[in-house]
Amino acid sequence: MFALGQDFFAAGMLDRAESVFQELLESNSKWISKASVCESLRTIYEQTQEWQKAIEATQCTKKSLKKDDINNSGNAINLDSLITHYYCELADESLQKGNLHEVDGFITKAKKSYKQSTRLMSLEGDIAFHQKQYKESLNHYLSAIKQDSRLLSMLFNKIDESAKNAGEVQYLQKKLLLIHQEHPDNNVFEAILNLADTYGSEHEVDKLVDEVLSEKKLSIKSIFKASGYVKDKYANDNPDEPSKGIGLVKVHQALENHLQGVPSFRCEHCGYKMHDYLWRCPACNHWDTVDQA
Ligand SMILES: [Zn+2]
(Lines give C-alpha, C1' and ligand atoms only; values in the text may rest on other atoms or scores of the structure.)
Protein backbone atom coordinates (compact mmCIF):
# COMPACT_ATOMS: atom_id res chain seq x y z
CA MET A 1 0.00 0.00 0.00
CA PHE A 2 2.85 2.35 0.83
CA ALA A 3 4.44 1.71 -2.58
CA LEU A 4 1.08 2.28 -4.24
CA GLY A 5 0.73 5.63 -2.45
CA GLN A 6 4.21 6.62 -3.58
CA ASP A 7 3.36 5.70 -7.19
CA PHE A 8 0.19 7.81 -7.12
CA PHE A 9 2.23 10.67 -5.67
CA ALA A 10 4.93 10.36 -8.34
CA ALA A 11 2.23 10.37 -11.02
CA GLY A 12 0.81 13.58 -9.58
CA MET A 13 -2.43 11.90 -8.47
CA LEU A 14 -2.35 13.56 -5.09
CA ASP A 15 -5.99 12.80 -4.10
CA ARG A 16 -5.45 9.09 -4.53
CA ALA A 17 -2.06 9.14 -2.84
CA GLU A 18 -3.64 10.96 0.10
CA SER A 19 -6.45 8.40 0.55
CA VAL A 20 -4.01 5.49 0.38
CA PHE A 21 -1.74 7.04 3.00
CA GLN A 22 -4.71 8.00 5.20
CA GLU A 23 -6.03 4.44 5.04
CA LEU A 24 -2.58 3.11 5.88
CA LEU A 25 -2.38 5.44 8.86
CA GLU A 26 -5.77 4.35 10.17
CA SER A 27 -4.89 0.67 9.76
CA ASN A 28 -2.26 1.10 12.48
CA SER A 29 -0.19 -1.58 10.78
CA LYS A 30 2.94 -2.61 12.64
CA TRP A 31 4.67 -3.41 9.35
CA ILE A 32 5.14 0.15 8.29
CA SER A 33 6.74 3.09 10.04
CA LYS A 34 4.06 5.57 10.97
CA ALA A 35 6.58 8.39 10.63
CA SER A 36 7.16 7.65 6.92
CA VAL A 37 3.42 7.65 6.25
CA CYS A 38 2.94 10.98 8.04
CA GLU A 39 5.97 12.35 6.21
CA SER A 40 4.41 11.33 2.86
CA LEU A 41 1.17 13.05 3.82
CA ARG A 42 3.10 16.17 4.82
CA THR A 43 4.69 16.33 1.36
CA ILE A 44 1.26 16.08 -0.27
CA TYR A 45 -0.24 18.87 1.85
CA GLU A 46 2.73 21.07 1.12
CA GLN A 47 2.05 20.71 -2.58
CA THR A 48 -1.67 21.34 -2.22
CA GLN A 49 -0.87 24.20 0.20
CA GLU A 50 -3.23 22.82 2.84
CA TRP A 51 -1.13 24.25 5.65
CA GLN A 52 -3.32 23.21 8.59
CA LYS A 53 -3.22 19.60 7.44
CA ALA A 54 0.52 19.89 6.78
CA ILE A 55 0.96 21.00 10.41
CA GLU A 56 -1.00 17.98 11.66
CA ALA A 57 1.03 15.61 9.47
CA THR A 58 4.32 17.10 10.71
CA GLN A 59 3.17 16.82 14.32
CA CYS A 60 2.28 13.19 13.61
CA THR A 61 5.80 12.57 12.23
CA LYS A 62 7.30 14.19 15.31
CA LYS A 63 5.20 12.10 17.66
CA SER A 64 5.95 8.85 15.84
CA LEU A 65 9.68 9.52 15.84
CA LYS A 66 9.53 10.19 19.57
CA LYS A 67 7.55 7.01 20.17
CA ASP A 68 10.05 4.97 18.16
CA ASP A 69 12.74 6.75 20.17
CA ILE A 70 14.39 8.08 17.05
CA ASN A 71 16.32 11.22 17.74
CA ASN A 72 15.28 13.85 15.24
CA SER A 73 17.88 16.43 16.21
CA GLY A 74 20.31 15.25 13.56
CA ASN A 75 17.59 15.06 10.92
CA ALA A 76 18.22 17.14 7.80
CA ILE A 77 14.69 18.51 8.05
CA ASN A 78 14.01 20.49 11.18
CA LEU A 79 10.38 19.60 11.83
CA ASP A 80 9.79 22.49 14.25
CA SER A 81 11.05 24.96 11.68
CA LEU A 82 8.69 23.43 9.09
CA ILE A 83 5.70 23.80 11.42
CA THR A 84 6.63 27.45 11.91
CA HIS A 85 6.76 27.94 8.14
CA TYR A 86 3.27 26.50 7.82
CA TYR A 87 1.88 28.75 10.55
CA CYS A 88 3.55 31.69 8.83
CA GLU A 89 1.89 30.70 5.54
CA LEU A 90 -1.48 30.72 7.35
CA ALA A 91 -0.67 34.03 9.04
CA ASP A 92 0.37 35.49 5.69
CA GLU A 93 -2.96 34.49 4.14
CA SER A 94 -4.86 36.11 7.05
CA LEU A 95 -2.71 39.23 6.84
CA GLN A 96 -3.55 39.57 3.12
CA LYS A 97 -7.24 39.43 4.08
CA GLY A 98 -6.69 42.01 6.83
CA ASN A 99 -7.78 39.57 9.52
CA LEU A 100 -5.32 40.62 12.21
CA HIS A 101 -6.96 38.74 15.05
CA GLU A 102 -6.38 35.46 13.23
CA VAL A 103 -2.80 36.49 12.41
CA ASP A 104 -2.02 36.89 16.13
CA GLY A 105 -3.23 33.37 16.85
CA PHE A 106 -1.01 31.86 14.18
CA ILE A 107 2.01 33.89 15.29
CA THR A 108 1.62 32.69 18.88
CA LYS A 109 1.56 29.08 17.69
CA ALA A 110 4.48 29.62 15.33
CA LYS A 111 6.52 31.06 18.21
CA LYS A 112 5.83 28.01 20.33
CA SER A 113 7.22 25.80 17.62
CA TYR A 114 10.42 27.59 16.61
CA LYS A 115 11.08 30.98 18.11
CA GLN A 116 14.36 31.67 16.28
CA SER A 117 12.73 31.43 12.85
CA THR A 118 13.80 34.30 10.60
CA ARG A 119 10.57 33.83 8.67
CA LEU A 120 8.69 34.60 11.85
CA MET A 121 10.76 37.74 12.51
CA SER A 122 10.18 38.94 8.99
CA LEU A 123 6.44 38.27 9.31
CA GLU A 124 6.31 40.21 12.59
CA GLY A 125 7.98 43.01 10.65
CA ASP A 126 5.23 42.79 8.00
CA ILE A 127 2.52 43.02 10.65
CA ALA A 128 4.09 46.09 12.28
CA PHE A 129 4.56 47.56 8.79
CA HIS A 130 0.89 46.90 8.02
CA GLN A 131 -0.03 48.76 11.22
CA LYS A 132 2.30 51.62 10.25
CA GLN A 133 4.57 51.01 13.26
CA TYR A 134 7.68 51.59 11.24
CA LYS A 135 10.34 51.70 13.94
CA GLU A 136 9.07 48.37 15.18
CA SER A 137 8.93 46.82 11.71
CA LEU A 138 12.47 48.05 11.04
CA ASN A 139 13.76 46.32 14.17
CA HIS A 140 11.98 43.04 13.37
CA TYR A 141 13.44 43.05 9.85
CA LEU A 142 16.90 43.87 11.20
CA SER A 143 16.81 40.94 13.63
CA ALA A 144 15.88 38.67 10.74
CA ILE A 145 18.72 39.81 8.48
CA LYS A 146 21.22 39.83 11.32
CA GLN A 147 20.57 36.11 11.58
CA ASP A 148 20.29 35.45 7.85
CA SER A 149 21.54 38.15 5.50
CA ARG A 150 20.19 36.25 2.46
CA LEU A 151 16.81 37.74 3.33
CA LEU A 152 18.07 41.25 2.64
CA SER A 153 17.39 41.17 -1.07
CA MET A 154 13.76 40.26 -0.42
CA LEU A 155 13.26 42.58 2.56
CA PHE A 156 15.27 45.55 1.36
CA ASN A 157 12.38 47.66 0.03
CA LYS A 158 10.35 47.18 3.19
CA ILE A 159 13.38 47.94 5.37
CA ASP A 160 14.04 51.09 3.35
CA GLU A 161 10.38 52.19 3.62
CA SER A 162 10.27 51.49 7.36
CA ALA A 163 13.44 53.49 7.99
CA LYS A 164 12.23 56.36 5.83
CA ASN A 165 8.82 56.53 7.49
CA ALA A 166 10.28 56.23 10.98
CA GLY A 167 12.92 58.88 10.22
CA GLU A 168 15.63 56.34 11.00
CA VAL A 169 17.66 56.18 7.80
CA GLN A 170 20.90 57.07 9.57
CA TYR A 171 20.22 54.49 12.25
CA LEU A 172 19.70 51.89 9.51
CA GLN A 173 22.91 52.89 7.73
CA LYS A 174 24.87 52.54 10.98
CA LYS A 175 23.24 49.19 11.77
CA LEU A 176 24.08 47.78 8.33
CA LEU A 177 27.70 48.85 8.66
CA LEU A 178 27.82 47.06 12.01
CA ILE A 179 26.21 43.93 10.55
CA HIS A 180 28.74 44.04 7.73
CA GLN A 181 31.56 44.04 10.26
CA GLU A 182 30.19 40.81 11.69
CA HIS A 183 29.08 39.23 8.41
CA PRO A 184 31.02 40.80 5.56
CA ASP A 185 28.98 39.41 2.68
CA ASN A 186 27.63 40.56 -0.67
CA ASN A 187 24.03 41.00 0.52
CA VAL A 188 24.87 43.47 3.28
CA PHE A 189 27.43 45.27 1.12
CA GLU A 190 24.87 45.81 -1.66
CA ALA A 191 22.26 47.07 0.79
CA ILE A 192 24.74 49.64 2.15
CA LEU A 193 25.44 50.82 -1.41
CA ASN A 194 21.72 50.97 -2.25
CA LEU A 195 21.14 53.25 0.71
CA ALA A 196 24.15 55.40 -0.17
CA ASP A 197 22.71 55.69 -3.67
CA THR A 198 19.40 57.05 -2.38
CA TYR A 199 20.39 59.05 0.69
CA GLY A 200 24.03 59.94 0.10
CA SER A 201 26.94 58.39 1.86
CA GLU A 202 29.42 59.09 4.59
CA HIS A 203 33.13 58.69 4.77
CA GLU A 204 32.67 55.21 6.27
CA VAL A 205 31.08 53.94 3.06
CA ASP A 206 33.96 55.28 0.91
CA LYS A 207 36.37 53.43 3.14
CA LEU A 208 34.32 50.26 3.00
CA VAL A 209 34.06 50.26 -0.81
CA ASP A 210 37.76 50.83 -1.12
CA GLU A 211 38.53 47.99 1.27
CA VAL A 212 36.01 45.51 -0.09
CA LEU A 213 36.89 46.09 -3.77
CA SER A 214 40.54 45.28 -3.19
CA GLU A 215 40.22 42.53 -0.59
CA LYS A 216 37.02 40.55 -0.97
CA LYS A 217 35.78 38.09 -3.51
CA LEU A 218 32.60 39.77 -4.72
CA SER A 219 29.61 38.65 -6.75
CA ILE A 220 29.11 40.26 -10.18
CA LYS A 221 26.12 42.13 -8.78
CA SER A 222 28.21 43.55 -5.94
CA ILE A 223 30.94 44.60 -8.38
CA PHE A 224 28.25 46.26 -10.49
CA LYS A 225 26.94 48.17 -7.46
CA ALA A 226 30.40 49.13 -6.27
CA SER A 227 31.51 50.31 -9.71
CA GLY A 228 28.36 52.46 -9.85
CA TYR A 229 29.27 53.95 -6.49
CA VAL A 230 32.85 54.70 -7.52
CA LYS A 231 31.68 56.09 -10.88
CA ASP A 232 29.18 58.52 -9.26
CA LYS A 233 31.72 59.58 -6.68
CA TYR A 234 34.27 60.30 -9.40
CA ALA A 235 31.72 62.36 -11.34
CA ASN A 236 30.86 64.37 -8.20
CA ASP A 237 34.46 64.97 -7.25
CA ASN A 238 35.59 65.89 -10.79
CA PRO A 239 32.77 67.81 -12.46
CA ASP A 240 35.25 69.50 -14.83
CA GLU A 241 36.84 66.35 -16.22
CA PRO A 242 34.00 63.94 -16.96
CA SER A 243 35.87 62.35 -19.88
CA LYS A 244 38.48 60.87 -17.54
CA GLY A 245 35.87 58.75 -15.83
CA ILE A 246 34.50 57.33 -19.08
CA GLY A 247 36.31 53.98 -18.74
CA LEU A 248 34.54 53.34 -15.48
CA VAL A 249 31.19 54.31 -16.98
CA LYS A 250 31.73 51.74 -19.74
CA VAL A 251 32.71 48.96 -17.36
CA HIS A 252 29.65 49.75 -15.25
CA GLN A 253 27.44 49.63 -18.35
CA ALA A 254 28.98 46.32 -19.46
CA LEU A 255 28.26 44.80 -16.04
CA GLU A 256 24.69 46.03 -16.23
CA ASN A 257 24.27 44.43 -19.67
CA HIS A 258 25.73 41.22 -18.32
CA LEU A 259 23.24 41.13 -15.45
CA GLN A 260 20.18 41.82 -17.57
CA GLY A 261 17.81 38.87 -17.65
CA VAL A 262 20.01 36.85 -15.28
CA PRO A 263 17.83 35.38 -12.52
CA SER A 264 18.65 37.02 -9.19
CA PHE A 265 18.13 33.99 -6.94
CA ARG A 266 19.35 30.45 -6.80
CA CYS A 267 18.58 27.43 -4.61
CA GLU A 268 21.66 26.38 -2.65
CA HIS A 269 20.40 22.83 -2.47
CA CYS A 270 19.57 22.00 -6.10
CA GLY A 271 20.85 24.99 -8.09
CA TYR A 272 17.43 25.98 -9.47
CA LYS A 273 17.38 29.66 -10.53
CA MET A 274 14.48 32.06 -10.02
CA HIS A 275 13.66 35.76 -10.31
CA ASP A 276 11.96 36.23 -6.92
CA TYR A 277 12.93 35.16 -3.44
CA LEU A 278 10.90 32.17 -2.28
CA TRP A 279 10.85 30.55 1.16
CA ARG A 280 10.57 27.13 -0.46
CA CYS A 281 12.43 26.11 -3.62
CA PRO A 282 9.82 25.11 -6.23
CA ALA A 283 12.19 22.54 -7.75
CA CYS A 284 13.43 20.52 -4.76
CA ASN A 285 10.83 21.70 -2.18
CA HIS A 286 13.48 22.51 0.42
CA TRP A 287 12.77 25.44 2.74
CA ASP A 288 15.22 28.29 3.47
CA THR A 289 17.68 27.31 0.74
CA VAL A 290 17.27 30.26 -1.66
CA ASP A 291 20.09 32.79 -1.90
CA GLN A 292 21.25 35.48 -4.34
CA ALA A 293 22.58 33.95 -7.55
ZN1 LIG B 1 16.09 23.61 -4.74
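Solvent exposure of region 21-69 amounts to 59 Å² per residue of accessible area, where only protein heavy atoms count and the probe is 1.4 Å. Full extension of the chain segment joining GLN6 with THR198 gains 63.9 nm, where the gain is 0.36 nm per residue of separation less the Cα-Cα distance. The magnitude of the dipole of the chain, with charges of +1 and -1 set on the Cβ of Lys/Arg and Asp/Glu and taken from the Cα centre, is near 480 debye. Treating each Cα of region 153-259 as an identical point scatterer and summing with the Debye formula, the log10 of I(q)/I(0) at q = 0.16, 0.19, 0.21 Å⁻¹ comes to -0.75, -1.02, -1.19. GLU56 sits with roughly 100 Å² accessible to a 1.4 Å probe, with DNA, RNA and ligands left out of the calculation. When all protein chains stay in place and ligands, DNA and RNA are ignored, the 1.4 Å accessible-area order of SER201, SER113, largest first, is SER201, SER113. Between ASN28, ASN99, ASN194, the residue with the greatest mean-square fluctuation in the GNM of the chain (Cα pairs under 10 Å linked by springs) is ASN28. When only C-alpha pairs under 8 Å and at least 6 residues apart count, what is the relative contact order of the chain, in percent? Across the chain, relative contact order equals 8 percent. Based on DSSP H segments of at least four residues, each scored -39500 (n - 2.57), the chain has a per-residue ellipticity at 222 nm of -22500 deg cm²/dmol.
Using the 1.4 Å probe convention, the accessible area of region 170-293 works out to 60 Å² per residue with neighbouring protein chains retained.
Does region 206-255 come out rounded, prolate or oblate by the C-alpha gyration tensor, with a ≥ b ≥ c the root eigenvalues, rounded set by a/c under 1.5 and, if not, prolate when a/b is larger than b/c and oblate if not? Present the calculation step by step, with values, prior to reporting the outcome.
Working: a/c = 2.87, a/b = 1.51, b/c = 1.90.
Oblate is the answer for region 206-255, as a/c is 1.5 or above yet b/c matches or exceeds a/b.
Solvent-accessible area assigned to carbon and sulfur over region 188-293 amounts to 50 percent, based on a 1.4 Å probe.
For region 117-187, which whole percent of the accessible surface, found with a 1.4 angstrom probe, sits on carbon and sulfur atoms? With neighbouring chains kept in place, the figure for region 117-187 is 46 percent. Putting +1 on Lys and Arg Cβ atoms and -1 on Asp and Glu Cβ atoms, find which of GLY105, SER33, GLY261 reaches farthest to the positive end of the dipole of the chain. Selected residue: SER33. Within the shell of other residues whose beta carbon sits under 12 angstrom from the beta carbon of LYS273, the net charge comes to -2, with Lys and Arg scored +1 and Asp and Glu -1.
Accessible area of GLU211 (1.4 Å probe, protein heavy atoms only, ligands and nucleic acids ignored): about 80 Å². In this structure TYR114 has an accessible area near 70 Å², from a 1.4 Å probe over the protein heavy atoms. Subtracting the Cα-Cα distance of ILE220 and LEU278 from 0.36 nm times their residue separation leaves 18.7 nm of extension gain.
Counting Lys and Arg as +1 and Asp and Glu as -1 over every other residue whose Cβ lies under 12 Å from the Cβ of THR108, the net charge comes to +1.
Counting only protein heavy atoms and a probe of 1.4 Å, the accessible surface of region 6-69 is 48% carbon and sulfur.
Classify region 1-123 from the C-alpha gyration tensor, please: rounded if a/c falls under 1.5, else prolate or oblate depending on whether a/b exceeds b/c. Cα axes put region 1-123 in the oblate bin. Annotation: per residue accessible area for region 106-162 equals 45 Å², rounded to a whole number [probe 1.4 Å, protein chains only].
In this simple spin-label approximation, HIS130 and HIS269 carry label points 7 Å from Cα along the Cα→Cβ vector, and these lie 2.7 nm apart.
The values are calculated or read from the model by the stated rules, or taken from the named source; none is laboratory data. All values reported here derive from a predicted model rather than from experimental measurement. Heads up, the Cβs are rebuilt from the backbone with ideal geometry, glycines too, and the neighbour counts pull from every protein chain shown. Remember, those area values only see protein heavy atoms, side chains included, never the ligands or the DNA or RNA. Shrake-Rupley method; radii C 1.70, N 1.55, O 1.52, S 1.80 Å.
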